[in-house]
1. Exactly one condition in (1) touching a residue at least 24 places away in the same chain (Cβ under 8 Å); (2) assigned to a helix (DSSP H, G or I) is not met by E29; state its number.
2. Name, by its number, the condition in (1) open to solvent by 60 Å² or more (accessible area, probe 1.4 Å); (2) not in a helix (DSSP H, G or I) that does not hold for L12.
3. Filter the stretch 32-69 for residues that are in a helix (DSSP H, G or I) and more than 16 Å from ligand 2 (Cβ to nearest atom) and give the result.
4. Whether any residue in the stretch 42-53 is within 16 Å of ligand 3 (Cβ to nearest atom) and in contact with a strand residue (DSSP E or B) (Cβ under 6 Å, 6 or more places away or on another chain) is what I want to check.
5. Going residue by residue through the stretch 208-215, is there one that turns out to be in contact with a helix residue (DSSP H, G or I) (Cβ under 7 Å, 6 or more places away or on another chain) and within 15 Å of ligand 3 (Cβ to nearest atom)?
6. Could you please give the count of residues in the stretch 200-240 that are part of a loop (DSSP other than H, G, I, E, B), at pLDDT 95 or above and open to solvent by less than 80 Å² (accessible area, probe 1.4 Å)?
7. Taking I197 as the residue in question, decide whether it is within 14 Å of ligand 1 (Cβ to nearest atom) and open to solvent by less than 40 Å² (accessible area, probe 1.4 Å).
8. Based on what the data block shows, is V6 surrounded by fewer than 22 Cβ atoms within 10 Å (Cβ to Cβ) and modelled with pLDDT of 95 or more?
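The values are calculated or read from the model by the stated rules, or taken from the named source; none is laboratory data. Everything numeric here is computed off the predicted structure, so don't read it as measured data. So basically every Cβ, Gly included, is an ideal-geometry build from the backbone, and we count neighbours across all protein chains shown. Side chains included, ligands, DNA and RNA excluded: accessible areas come from the protein's heavy atoms. Shrake-Rupley method; radii C 1.70, N 1.55, O 1.52, S 1.80 Å.
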Amino acid sequence: MEGQSVTKVVLLSCGSFNPITNMHLRMFELARDHLEDTGQYKVVKGIISPVGDGYKKKGLIDAYHRQEMAKLATENSDWITVDAWESLQPVWVETVKVVRHHYHEMLAAEQKNDDVDTVKYAKKRRIEGNYFEDSSHDKRRGGPQLMLLCGADLLESFGIPNLWKQDDIAEIVGRYGLVCITRSGNDPHKCIHQSEILWKYRKNIQVVQEWVTNEISATHVRRALRRGRSVRYLLPDAVVHYIQEHDLYSAESEQKNADVVLAPLQKYTGASSS
Ligand SMILES: Nc1ncnc2c1ncn2[C@@H]1O[C@H](COP(=O)(O)OP(=O)(O)OP(=O)(O)O)[C@@H](O)[C@H]1O
Ligand SMILES: NC(=O)c1ccc[n+]([C@@H]2O[C@H](COP(=O)(O)O)[C@@H](O)[C@H]2O)c1
Ligand SMILES: [Zn+2]
């Protein structure tokens, strides 16, 4: 599309990744294809941000191991990375704050690149002696964008009472944007239709249809592991080996946080144990 500017995009996915599965990685590939196919975007980076232990989800094993597994899973990708900032916070952090953090990181990285380019360009201009011809370089037309990447179940969770603040949803979707991958059992279009806030910002939500319906879930993987069943080909081999080596998922680990209320519910209802 000639003349149309292409916006750089960083995709951020927040979740338990307990453990990371092939479907988490597929989400990024599907989202990138979809966005770039519009001709409007160039996806430059993907970030996986495992939630901190303070989230208190039942069966959530230590962030350290979830982080390590995500690193192993992405070692062959040249664009998907794992970031520990969220999991290193002493308490659970609302997703909107994670989005803000990575947005600022992205702008800082962009600024650094611009500074390097400016120095290089200034040097080139000095050499060529055309100091005054620079009009294209000093203004960044349409900065990079950071979008939250999720599955349709997360979008649906926006409607669960006391789980998300309306202002947070408005900021995430209205200001940054959302890419949502379909997942069997969830209907993102219906969800958008039924929510005033999602409807208002519907143009900022990209629903990506996954035609090869894939029901891989971390819950299924943990259950199979507890039963001594193979999980090979549902997760990267390196992750399967890591789980075996550290004996990560057991009946005992699944009981972690069993009687604790999920952090966002604690925060928004004041409850602390069930
Ligand atoms: N099969 C899938 N299809 C589409 N999205 C998925 C799929 N599996 C995970 N996701 C998305 O990946 C993100 C992180 O998910 P999460 O870590 O909760 O994985 P999960 O497989 O849903 O785990 P659990 O079963 O423990 O809830 C979420 O946005 C979730 O919607
Ligand atoms: N109010 C909020 O910001 C809020 C509420 C619930 C879940 N979340 C996030 O969504 C993700 C959900 O992960 P799970 O699907 O694994 O539970 C986590 O990253 C969690 O921090 C955010
Ligand atoms: Zn989930």
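1. E29 satisfies all of (1) touching a residue at least 24 places away in the same chain (Cβ under 8 Å); (2) assigned to a helix (DSSP H, G or I) except (1).
2. (1)
3. If the condition is that a residue be in a helix (DSSP H, G or I) and more than 16 Å from ligand 2 (Cβ to nearest atom), then R32, D33, H34, L35, E36, D37, Y64, E68 are the ones that fit.
4. Within the stretch 42-53, one or more residues are within 16 Å of ligand 3 (Cβ to nearest atom) and in contact with a strand residue (DSSP E or B) (Cβ under 6 Å, 6 or more places away or on another chain).
5. yes
6. Matching residues across the stretch 200-240 total 6.
7. No.
8. Spelling it out, V6 is indeed surrounded by fewer than 22 Cβ atoms within 10 Å (Cβ to Cβ) and modelled with pLDDT of 95 or more.
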